[in-house]
Amino acid sequence: MTAAATGELSLHDGAFSQNSALTKSSTYTAEQFQRFLSWLDAGDDSGGERYVEMRRRLVSYFGRKRCVSPDDLADETLTRVARRLEEQGSITDSPPARYCYIVARFVFLEYVRGADHRRTSLDEARGAANPAVQPAPPEGTDGTSDESLLEGL
């Protein structure tokens, strides 16, 4: 049975769209999504404009932090907020925008701690890219100097 047949909506590309290929953890019913929008709007009906604005602000936040995929991180943030709202029934700790930024900070910290994003030195990166190429030994260790190496080019 597809997501469209069950009436479920999934977070994808900045909007909840019908897509059964996404994980179950990011799948919501139309009623659950409406409740998320209502919470984000703080009771006013903005027609989803606050959602779009919050997502834009989160993408900008992750972009300023120089993240590789700010769109994905913003979507993950909103998914976590919506899941938390569904689990608890309401979030009254702080205003919606502030709460979204709190969750975004945790998403960013997880992103930074991820193995794919650690910084490496140029020598390590050079060695990893081409294991046959080794850095030149320090001058004087094998009797060759930088000038003699350059003459060979």
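Around the amide H of Thr29, modelled in the peptide plane, lie the amide H atoms of Leu9, all under 5 Å away and 5 or more residues distant in sequence or on another chain. For Ile91, the amide hydrogen comes within under 5 Å of no other amide hydrogen, counting only partners 5 or more places away or on other chains and with H modelled in the peptide plane.
If R₀ is 22 angstrom, what is the calculated FRET efficiency for the pair Phe106 and Thr29, using the beta carbon separation as r and rounding to 0.05? Provide the component values of the computation, followed by the final result.
On the way: r = 26 Å, r/R0 = 1.16.
Here the calculated transfer efficiency is 0.30.
Every number here is computed from the coordinates shown, using simple stated rules; none is lab data. Only a predicted model underlies this, so the values are computations on that prediction, with no experimental measurement involved. Here Cβ is always computed from backbone atoms with ideal geometry, including for glycine, and neighbour counts include all displayed protein chains.
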